[in-house]
Each structure stands twice: as C-alpha cells, then as structure tokens.
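Only one structure is covered here, and it is reproduced in the block below.
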Amino acid sequence: MPLFRAYNTPNCSLEVEGIAAGEAPQQLSILTHFACRFFHAPTTIAGGKELLQQLTAAVATYTQVVLTSGWGEDSPAEVHLGAVHLTMVAAGTHRLWVQAEAAKESTKESTVEPCEVLLDTVQLFDLQDGLDKLGVDPETLPDVRPVLPALQQASPLLTRVRLPLAAAAGP
Amino acid sequence: MQVQTSDPTSEPMTDPGAHRANGTSNPVAVPAIVATLAVPSHFGGECPRSLCLDVDTLLIGLECIDLTAIEAIVMMAAELKLTDYVPHRVQLWRMRNANALRRHYQRAALDWERLRALVVLVAGLSRLLAVHLRLLAATEIQIRADKIEALGLQQNQRFLEGFLERFRQLYRSRMQKPLPLNDDELRELAVSTLTQLLFASGESGALRLWNALLAKAV
C-alpha cells in the first residue's frame, strides 16, 4: 500500500512517498520519492533516499556551523556533501543547491534535477525543523534519524578568542 | 519530544547548593530526557567553563522576551521531573553564578547533569516562545536587508530594538565591571543568542543546541 506523509513548517514542506515493507502496515519503510518545496521560491528538491540522507546530513552540519559562528562570522561557512551544497552568501543569507551530475554519481538516481535556492536563517531553521520532524517520526523511515554532526575539539583559534573573556572576568 | 521520567519517588537532594565535581557519583538515576544529550568523552569529568557562560547567556536571552521566564523554567522543571536539578529559583540563580562573568561568580563549575537539565529547560521554554523568536529573527533579517520601511513593519523593528536594549541592560547589570564587551559586541551576542534560541525551539532543538554549545566549548 503506498503511503504518503508530509512535514510542514511555515516556510517549507517536506513530502515523502513510500511503501510499508515491514510488519507494521502504517510504517513507511521503503522510500520511493521525496520532495522538499519552499514557499518563498518556486524550487523543489526531489529525489530518492540517498539524496534525502545527503540533504539531512548537509543541513545538520551547516546548521551546526551557523549556530557556532553566529551571524557576525567573517569567513563564510561552506558545506559540501555528495550532491548537496550549502554556503553562506552574506550574514543571515544561505545558498542551498543540488548538482545533478554529482547526484547521478553519488546516488545512482537519474531523476535528480539541479536546483538552487536562497534561504534566510529563519527559512533554514524551517528546513532543519522539517527534516528533524521526519527524523524523529518512528512511523516514517525508522533508519533516517536526526543527524548530529561530529564534534571536534575546539580549534586553537577558538580557544584564544574565548578564553581571554573568561580570564578577564576571573578575580 | 517524549517526556520520560526517572524514578518519581526519588528523594530531592538534601543540599541543593552542593556542586558535585563529577556527575558519575550521582546516586539518583539521570532522567532519560537529560540522558539523550550525550557527553563526549574528550571533555573528561570536568565541565567546560564556557558552557556555564553560554547557558546563562541563553537564559538572559529568554528573560528579555518573557519577563517571567525564570518562573516558567522552575515550573517546567517540576513538569519534566527535573526538580532534583532545579528545585527553586534560588538554586537556579546559584547555578547561573557558575558563569565566570557574573558579579556573584562562584568558582565551582556546574556538573554535567545540571548543565544538561538547564539545556533541556532552555529548549523547552524556547519552544513555547517560538512565535516571538521567529518574529524577532525575521525582523533582524529584514533590518539587515533594509526592507523594514518598504514592508511597513516599523512596529516589529521597535520590538527587536526593545529586545536588544533589554539584553544590553540585563547583561550589564548582572555581569562584572568592567565588562569585556562593548555595545556593538553585546548586540552581536544578543543576535547570536536569538539564533541559538530559534534553533533550540525546533523538533530536536535540545540536541541541536547541546551539540552547538559543545562544538565551541573550551
């Protein structure tokens, strides 16, 4: 039986189609197609499971960069994962684009359309929130979980910048 | 997010002011909602000082939006069965004084459990205030793009300015003097705090916030 699920946020809608293969009849466990629509631009990111996983991981990694740098970051953030790219164009403006050739290579899907969309930070948050809603839903793709980017030890630069702040306050 | 509780009959801590150096000696089982936030091994037993600072800043950000944020946090702690960590306002105030910039700075750092409980509560309250966070963040973007006049949203601009001004006042009145941040840096801090709170209001907000805090912890 085909199953259809939608995860809506004020700025984007994530639609998932698939079938139930396991014992639970309502659990969407095989993804046939997903589409991510943005309401502020006529852009749709559509593809199969591998593109969805790449999108989930890329957005989570990029969100982490945005959250750790704040908006006043000088060096622009950039994340490139499979066919999905995310870069910071200006403070608070982000560019998300999908490359068709890279998608064919990395996901073996021939139907992926190249697309590009500009997101502000609130729209990026809505995309992240939609993907997280899908990730925590046990009834849809139980193997797709919210991705948490790997933590690295704080860079020496970060330590230099942030430690004087604490040291200045110490008695 | 599913709220799971540890043993609800577990007795409250007898000495809420005592900071334990390491959470592993905690006799009370860590509630599941707190345990979902994993502590990476490379930090060891000691909780980084910058985390105490960041969590306090986030709480100030919430207070700038909702003047009763502290009462809300204490009530939410009772709802989520986190009263072992945050039993009342005084204890919350003591915990916030682990922030090295505070005027009443106490040298003892927070332990991991208390810190994670605070992050869970910050994310929970952000979710309740999501509408305001979204409006403030969107207004900040519109001001950056110089669209406020064109859109006729001057009242939102005043709302954001009120937030920034209150943040500046609260931060200045509570931190030590001289403050190592000037007004422009304080504004930047307020805006990045707003972004963090916005992302914390999402579906996996507590996880995202926790991971971001850890990534820049020193």
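Any read-out appearing in this document is the output of simple, stated calculations on the displayed coordinates, not a laboratory observation. All values reported here derive from a predicted model rather than from experimental measurement. As a convention, Cβ positions derive from the backbone with ideal geometry for all residues, glycine included, and neighbour counts pool all protein chains shown.
At most 14 other C-beta atoms within 10 Å and a DSSP loop state: those are the exposed trypsin sites (Lys or Arg not before Pro) I care about. Give me the longest piece of chain B that has none. Free of exposed loop sites, the longest segment is B:1-102. Inter-chain Cβ neighbour count for B:130-137, averaged per residue, equals 2 (cutoff 10 Å, partner chain atoms only).
Which translational diffusion coefficient, to the nearest whole µm²/s, is obtained for segment A:2-145 from the Stokes-Einstein equation, given a Kirkwood hydrodynamic radius over C-alpha pairs, 4 °C and 1.567 mPa s?
Translational D for this selection: 84 µm²/s.
Across chain B, counting alpha-carbon atoms alone, Rg and Dmax equal 17.7, 59 Å.
Counting only C-alpha contacts under 8 Å and six or more residues apart, can you give the relative contact order of segment A:2-145 as a whole percent? Could the numbers behind the result be given before it?
Values: 271 pairs, mean separation 32.9, N = 144.
Computed over segment A:2-145, the figure is 23 percent.
Bridgeable lysines around A:Lys49 (alpha carbons under 26 Å apart, same-chain partners fewer than 8 residues away excluded): A:Lys104, A:Lys108, A:Lys133. Straight-line cross-link partners of B:Lys177 among the lysines, defined as a Cα under 28 Å from its Cα and at least 8 positions apart when in the same chain: B:Lys216.
Put a dot 7 Å past the Cα of B:Ala78, heading toward its Cβ, do the same for A:Gln26, and the two dots end up 3.5 nm apart. Dividing the summed -39500 (n - 2.57) terms of all DSSP H runs of n ≥ 4 by the residue count of chain B sets its mean residue ellipticity at 222 nm at -18000 deg cm²/dmol.
Relative contact order, percent, of chain B when contacts are C-alpha pairs under 8 Å separated by at least 6 residues?
28
Partner shielding of A:28-38 amounts to 0, given as the average count of beta-carbon atoms from other chains within 10 Å of each residue beta-carbon. When chain B is treated as a Gaussian network with alpha carbon springs shorter than 10 Å, the biggest mean-square fluctuation among B:Thr68, B:Thr139, B:Thr57 belongs to B:Thr68.
So what's the angle, to the nearest 10 degrees on a 0 to 90 scale, between helix B:183-200 and the longest Cα principal axis of chain B? Tilt of helix B:183-200: around 60 degrees.
Within the straight-line cut-off of under 14 Å between alpha carbons, the aspartates and glutamates reachable from B:Lys81 are B:Asp7, B:Glu11, B:Glu113, sequence neighbours fewer than 8 places apart in one chain being disregarded.
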